[in-house]
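Contents: one structure, followed by commentary.
Laboratory data are not the source of any read-out in this text; all were calculated from the coordinates shown. The structure presented is a predicted model; accordingly, all values stated were derived computationally and were not measured. Counting neighbours? That spans all protein chains shown, and the Cβs are built from the backbone with ideal geometry, glycine included.
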Amino acid sequence: MPILSTKLYIPPPRPGLVLRRRLIDRLNEGLHGKSTLISAPAGFGKTTLVSEWVTNCNRPTAWLSLDEGDNDLTRFLTYFVAALQTIAPTIGEGVLVALQSPQPPSTEVILTVFLNEIVTIPDDFLLVLDDYHLTDARPIDDALTFLLEHLPPRMHLVITTREDPNIPLARLRARRQLTELRAADLRFTPGEASAFLNQVMGLDLSDKDIDTLETRTEGWIAGLQLAAISMQSHQDVPGFIRAFAGDHHYIVDYLIEEVLERQPEPVRRFLLQSSILDRMNGSLCDAVTGQQEGNARLEALNRGNFFLIPLDNQRHWYRYHHLFAEVLRMHLMTEQPDQIAALHRRASEWYEQHDSPADAIHHALAAKDFGRAAGLVEMAMPAMRRSRQEATALGWFQCLPIELFYDRPVLSILYAGVLLQTGKLEGVEARLRDAERWLQPKVDTGEMVIIDEEEFRGLAGSIAMYRAAIALISGHLSDTMKHARQVLDLVPEDDRLRQGAAAALLGLAHWTSGNLEEAYQSYADGMAHLRMAGNISDVVGGTLALADIRIAQGRRREAMHIYEQALQFATEQGETRLRGTADMYVGMSEINTEYNNLYAAKQYLMRSEEQGEHTGFPQYRYRWRVAMARIRGAEGDLDSALDLLTEAERLYVSDFYPNVRPVAAFRTRVWIKQGRLDEALGWAREQNLSVKDDLSYLHEFEHITLARILLAQYQHDRADHAILDGIGLLERLLKAAQDGDRTGSVIEILILLALAHQLQGDTPAALTALEHALTLAEPEGYVRIFVDQGHPISLLLEKAAKHAIAPNYVHQLLQAFGKAEDGARVDQGLIEPLSDRELEVLRLLGTDLDGPDIARHLVVSLNTLRTHTKNIYTKLGVNNRREAVRRAGELGLL
């Protein structure tokens, strides 16, 4: 049986009696809430109780046994999905694909997608996280908190742990969503102790003896079990009972020593030596202990209640109770300290032979056989990279002595890659130098150790590639280009992966510096290499960069074609749920928003959400919010737009793509529309923006935003310096954008120049700039870039119409002002008409949705919804929701 399956196996309940019916009843009563927490020290029977309960509660149960190796979030989520697949085999496949992608989405996105699948499970069910205290990672705690806050109604979460998890327990208690059992609850009552000792353990103790044992152990189950095992071979049972007392730690030491001393030497040796194993089967035990008949030994120990827990139905895999294992290991360290390394080394060899590299590495590290561990890590890394387990790999690398990397160039370059992928730049250059010295003319460098020969052949190219990536992250574009070109020179043409990565990095550097055509050609070349290498996911994901570049060049129709072609390619490959597909629908939405086709824009965002339910994407969640904010702004709902942009800024995570349109600048533009000039000026000061700055494409969007602030400032206080500074900045920006073939920016700058000249009363100059903008914008169908400027640009367009400037296009733009999407004004029969957004809220008020549900549907805060509702009541002349719906019906608004 694969080792993974042992983590998902529900331990069998104790045969015979259900000893703690009172606790089973409490657990059943707690099923009305979200969760159950069973928190107590070792040896209180937490796992046994839950296994007895789930076996008899008539609910499907998914079980995940956690261990210390599950601190990697990707690994935890993978096991989490696998556990639920034991009761719903068809769910979670897209999530597993997302977890293994080169740039996995955030935990919230993954869990949101998975929760949407979980709600399709038709029956009430349980998910048990056993031994949760063995995880020690805040990201996992955060994931569990998110899960509890959005738990589907049919799902009940059960956690067993030695210490309280770092989740909002107080909130769950306050909401009566948590059932708790603690040590005081789990202690055996005298009656339970009697049934356990006499009926389960086969003893014949008097009530007095049982009372003494129960008092001495305070109902502590592990103590009672250890005492029972020892008494099974004692002649003087009452004397034995009188002989021990003290706290739990003393009792454990005393009783386990009693148990061990009474075992034949082969059994005692087996127990001590096999205690190094977290999981064991007969073959593994034979390899580690050097004994034979390991299977028979394990079966005998299980029959004798030796704290052995089966991990599968076939009784093939077992583990010791954690408490028992801890004491056995202490005895092993005391009695056979010189054997421990050899035992771990044998375990490592067995796991290597049985294709379990993670366990092989774990035991090699425990043996301090770092040379062996290094070789195993080097061989395991290709698979670790494919499954996106960089955090686990980083832990391995950090356990290895630093001097070990000096003569292992492949290991060094792999370590550098993991550091880069986990966002830890410190130490990357040192590892690159360790690898690089083996490419120099031979001096006294010692003996080189290579395990992965194929990786070594591409060593020089990998070093240059990682240096290019470091330079790009650090903003050193000339170094990025230098190192990327080195890769292209160093690696053969058939090394498609490195050729593709280098060309893509070169394209990103050109993009960041504003050389858009070179950027497009280089990046497209990179994607072509990756396509030939079979990296379909990277090719589809790379579409986003290619389309963004074309949009910056003002070639929106071509960008739309790029999206459509990429989706068609993914479909032809049978891969419609790849990384990037949901993001492409966001891009298509943005293009339709610019065309003023808001209905289609919303449909594409809905399609993105639907796609995300399968893939865990859109990866760039902030872009979805920005796209929706643009739609809300076009509908006149600026408060909702601000809410979305605030959330987008929180979700933004930097990567290799240049952040040429910062979310904060979008928000500032909304402030300008709202007349919040002080906030806008504050943003400019925070960014240290000035009209005298050297201009660059990376900050072009921000400088255009600064120009907008200056024009708004002039409108507010008529300060001449503001309009003059604004025009001067716009003229400089225009030249830079024209030189860089950035037509998208050129159109926007020309429109702002036209408005600036109009503010000065210079109509001829305003019309000249506007005509130039119209000439560039008409072939690509721009609409919102004009309409979003509001009444001032509509006045200027009317003047353009009188001068027969682009008459058809100007007529189309004028139609877009103040109209419904079908071009006809809506007569609502109200003195102050409802806005499009208020009408949308009103229609939802006529449904069964409550306030929070409506806010979620509209992707706005509850406060924003209340503001809309208040405005609706005022305009309709009503005081509550029922009256609003009735009045809207009378007016034909619903």
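Across segment 63-76, coupling constants 3J(HN,Hα) worked out from phi with the 6.51/-1.76/1.60 Karplus curve, θ = phi - 60°, read 10, 10, 8, 9, 9, 5, x, 9, 7, 7, 4, 4, 5, 4 Hz, and Gly and Pro carry x. Tell me which of Thr189, Thr145, Gly202 sits at the most positive position along the dipole axis of segment 113-248, charges placed on C-beta atoms (Lys, Arg +1; Asp, Glu -1). Checked the options; the winner is Thr145.
With a threshold of 31 Å on the Cα-Cα distance, the over-threshold entries among Lys673/Lys799; Lys482/Lys735; Lys602/Lys870; Lys692/Lys802 are Lys692/Lys802.
Stretching Gln812 away from Glu403 to a fully extended chain increases their span by 140.2 nm, per 0.36 nm per residue minus the current alpha-carbon distance. At full extension, Asp739 and Glu429 could sit 108.0 nm farther apart than now, given 0.36 nm per residue minus the alpha carbon distance. Against the chain, whose longest principal axis is taken from its Cα atoms, helix 340-353 shows a tilt of about 60°. Other residues within the sphere of radius under 14 Å centred on the Cβ of Arg154, judged by their own Cβ, net out at -1 (K and R +1, D and E -1).
In segment 312-436, one over the average inverse separation of all distinct C-alpha pairs is 16.0 Å, which is the Kirkwood hydrodynamic radius. Antiparallel beta bridges, as assigned by DSSP with both residues in the chain, represent about 15 percent of the total such bridges.
Ordering Val660, Ala722, Leu774 by the projection of their Cα atoms onto the charge dipole of segment 640-790, which places +1 on the Cβ of Lys and Arg and -1 on the Cβ of Asp and Glu, puts Ala722 at the extreme positive end. Between Gln603 and Phe656, how high is the FRET efficiency from 1/(1 + (r/R0)^6) when r is the Cβ-Cβ distance and R₀ = 30 Å? Nearest 0.05. The computed FRET efficiency comes out at 0.50. Multiply the residue separation of Asp479 and Glu265 by 0.36 nm, subtract the distance between their alpha-carbon atoms, and state the gained length in nm to one decimal. Computed gain between Asp479 and Glu265 is 70.3 nm. Applying both filters, DSSP loop and at most 12 other Cβ atoms within 10 Å, to the trypsin sites (Lys or Arg not before Pro) of segment 143-236 gives Arg175, Arg176. In the chain, helical runs assigned H by DSSP with n ≥ 4 each contribute -39500 (n - 2.57); averaged across all residues and rounded to the nearest 500, the mean residue ellipticity at 222 nm is -19500 deg cm²/dmol.
Close amide-amide hydrogen proximity is noted between Trp63 and Val128, each under 5 Å apart and 5 or more residues distant or on a separate chain (H modeled in the peptide plane; Pro and chain starts excluded). Among the GluC sites (Glu not before Pro) in segment 276-339, those placed in a DSSP loop whose Cβ has at most 16 other Cβ atoms within 10 Å are Glu293. Taken about its Cα centre, the chain carries a charge dipole of about 1720 debye when Lys and Arg each add +1 at the Cβ and Asp and Glu each add -1 at the Cβ. A crude spin-label estimate for the pair Arg303 and Glu649, with each label 7 Å from Cα along the Cβ direction, gives 7.1 nm. Per-residue Karplus couplings for segment 726-734, computed as 6.51 cos²θ - 1.76 cosθ + 1.60 with θ equal to phi - 60°, are listed in order as x, 5, x, 5, 5, 5, 5, 4, 4 Hz, Gly and Pro entered as x.
Placing R0 at 30 angstrom, the Cβ-Cβ distance between Val878 and Ser794 gives a FRET efficiency of 0.35 after rounding to 0.05. With a Förster radius of 60 Å applied to the beta-carbon distance between Leu849 and Thr215, the computed FRET efficiency rounds to 0.50. Phi angles of segment 755-770 translate, via the Karplus equation with coefficients 6.51, -1.76, 1.60 and θ = phi - 60°, into HN-Hα couplings of 5, 5, 5, 5, 4, 7, x, 9, 4, x, 5, 5, 5, 4, 5, 5 Hz per residue; Gly and Pro are given as x.
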